[in-house]
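In what follows, a structure is listed as structure tokens, so that the remarks can point back to it.
The values are calculated or read from the model by the stated rules, or taken from the named source; none is laboratory data. All figures in this text were calculated on a predicted structure; none of them were measured in a lab. Note that we place each Cβ from the backbone using ideal geometry, even for glycine, and neighbour counts take in every protein chain shown.
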Number of protein chains: 2
Amino acid sequence: MEHPQRQTILQTPSLKEAVEVIKQGISRHRTVIIAGKCTVDYDGRASSKLESGERLVIFKPDGSALVHRPKDYSPVNWQPSGSIFHTKLVQDGLVIRVFRRKEKESMVIAFTELQMVSVMDLKDNVEFTLYASEKEMQEAILYKPDLLESGFRPMTKEMAVDPGFIDIIGYDATGTLTVVEIKRVKANKKAVEQLKKYMDVIDLDENRPVRAILVAPDITGDALELLLELGYEFKALTPQNCSEVLKQKKGKPLTAFFNP
Amino acid sequence: MEHPQRQTILQTPSLKEAVEVIKQGISRHRTVIIAGKCTVDYDGRASSKLESGERLVIFKPDGSALVHRPKDYSPVNWQPSGSIFHTKLVQDGLVIRVFRRKEKESMVIAFTELQMVSVMDLKDNVEFTLYASEKEMQEAILYKPDLLESGFRPMTKEMAVDPGFIDIIGYDATGTLTVVEIKRVKANKKAVEQLKKYMDVIDLDENRPVRAILVAPDITGDALELLLELGYEFKALTPQNCSEVLKQKKGKPLTAFFNP
DNA sequence: TAATAAATGTCGTTT
DNA sequence: AAACGACGTTTATTA
């Protein structure tokens, strides 16, 4: 055989057939996929009960476990990585207990019928890259401040103030101190309130005019109302806009943008 | 055959063998599970790129799709239910496009090698019940107000005020108006700020003393500091406590608690 | 549809 | 370990 067998697949196995395959798969740090009729009980931060039905259950080598029903994006039950699995064949069925000692959480899956048991050795070590995050919008404005407005000069990024971090502080074309808050999705009232919290601190520290600009692809009606009431400003900018700008950048470090 | 074949499992199939099975599985509203080497590109609210590696990919009958790496609880890429799947065999491999027209989102999965293709008809219609939610904590306090403090009399639940909904409003033993905010996990500063927003409205509307009580299993140091600064109070109460109380309730409607 | 808050949120980062 | 904020948050609820 050219390719050594890197997966074991059992179709409608008996519980007895399955138990050793599952145990070995878990102990050898494989990804174990089980489809079958089961109940699931969870107890920890909350507690839950799921009566018998057919589900897809996944145990990963890092100790994460997922129970998926045939609908919905999110698992009905789960435990995050770092959990410990115990597999046992009992009178009633094949029981897999998932523990997290630290969090005092447990999830118990009891199978009565199996449609499939699959054990695989998935090799996957490449990087995952997410583009057009809020950080990237920030980078884009620092790289090309005209994106915000003509003549804007960034001074600091992520300045620490009491309530948190101000995304960008700089001076506008007339030399007025300007606080910039960036959101990558439509801005709501919460975003304006966050900006206000920063402004409260800035206004307290300095005794001179300060502008506040909220940058986002869009803004809700309520948020715009509050924004204008507070005398702040809105600048429409999408992650895609920023992504385009960053394509020109290519590897210049962020520190390069803070030269005189 | 006693049990009609309710699943199709292909082990290390060729892309050509797999494509028809996948297409049929999707069109017949089955759960389709694919393990294999693939790349994943996402474009929508953000965009992402995942280079070639071995992953577990799930397509559900409701139009949700998940891409799982061999680590982590959360999928590396996904689309929620209501998405549309397009499967196509091209020169480079087996490509499955997942669309959400409304959200202008797409995820493209391109397989070059397959370890497994499994198509199942999972029957799962029972209810899932989760205990010890915030709503249950609220119900417990309404059922047995002494849980909050002796002599407390609830007046309304979920009173609508401008910022949102106040969990419980009532009168304490001395007849002072009392606002109750409930959190099912350790309360942080954000919870106190939320309570403050409610109090700002209440204090504005009424010109008399008002108490504010934050109910949670625990509270962070910063949050407690802010809470006391504002003159509010903290009452420790766990979801488990409340769950115990509710076991005595057994089906009495909530409205039954608002009698003179 | 928009806004608002809960979630077994999870995840990363900083203190 | 604790606290805090971001997330392609998702999900439910309500105006």
Open item on the list: Please determine whether any residue of segment B:87-97 is hydroxyl-bearing (S, T, Y), more than 9 Å from chain A (Cβ to nearest Cβ), in a loop (DSSP other than H, G, I, E, B) and surrounded by 18 or more Cβ atoms within 10 Å (Cβ to Cβ).
Closed with: no
- [ ] Identify, by number, the condition in (1) within 16 Å of DNA strand D (Cβ to nearest atom); (2) touching a residue at least 40 places away in the same chain (Cβ under 8 Å); (3) assigned to a strand (DSSP E or B); (4) crowded, with 21+ Cβ neighbours inside 10 Å that B:A110 doesn't meet.
- [x] (4)
- [ ] Looking at (1) modelled with pLDDT under 95; (2) outside the structural domain of B:E54 (by TED's automatic domain parsing); (3) of a type outside the set (K, R), find the lone condition where B:Q91 falls short.
- [x] (2)
TODO: Consider B:V19 carefully, then state whether it is hydrophobic (A, V, I, L, M, F, W, C), part of a strand (DSSP E or B) and either more than 7 Å from chain A (Cβ to nearest Cβ) or surrounded by fewer than 23 Cβ atoms within 10 Å (Cβ to Cβ) (or both).
DONE: no
Task: Filter result (among the aliphatic types (A, V, I, L, M) and assigned to a strand (DSSP E or B)) within segment B:113-123 - done: B:L114, B:M116, B:V117, B:V119, B:M120
Open item on the list: Looking only at segment B:43-66, filter to residues that are under 19 Å from the mean Cα position of the chain (by Cα) and of a type outside the set (D, E, K, R); which one of those is nearest to DNA strand C (Cβ to nearest atom)?
Closed with: B:L66
- [ ] Would you mind finding the one in B:R6, B:R45, B:R30 that is in the same structural domain as B:V98 (by TED's automatic domain parsing) and buried (at least 18 other Cβ atoms within 10 Å of the Cβ)?
- [x] B:R30
- [ ] Those residues that are at negative phi and not in a helix (DSSP H, G or I), I need them from segment B:217-246; list them, please.
- [x] B:P217, B:D218, B:I219, B:T220, B:L230, B:Y232, B:E233, B:F234, B:K235, B:A236, B:L237, B:T238
Open item on the list: Given the condition more than 8 Å from every other protein chain (Cβ to nearest Cβ), closer than 23 Å to B:S81 by Cβ and either touching a residue at least 60 places away in the same chain (Cβ under 8 Å) or not hydroxyl-bearing (S, T, Y) (or both), answer yes or no: does some residue in segment A:39-54 qualify?
Closed with: yes
Open item on the list: Can you go through B:L204, B:L254, B:L246 and tell me which one is away from DNA strand D (no atom under 13 Å from the Cβ), loosely packed, with under 15 Cβ neighbours inside 10 Å and modelled with pLDDT under 85?
Closed with: B:L204
Open item on the list: Considering only residues that are within 10 Å of DNA strand D (Cβ to nearest atom) and among the hydrophobic types (A, V, I, L, M, F, W, C), which ones fall in segment A:115-136?
Closed with: A:F128, A:L130, A:A132
Task: Filter result for B:M199 (within 16 Å of DNA strand C (Cβ to nearest atom), farther than 23 Å from B:E229 by Cβ and of a type in the set (A, V, I, L, M)) - done: no
TODO: Return yes or no: is A:P70 within 15 Å of DNA strand C (Cβ to nearest atom), part of a loop (DSSP other than H, G, I, E, B) and at pLDDT 95 or above?
DONE: no
- [ ] Scan segment B:138-175 residue by residue and report those that are within 15 Å of DNA strand D (Cβ to nearest atom) and assigned to a helix (DSSP H, G or I).
- [x] B:Q138, B:E139, B:L142
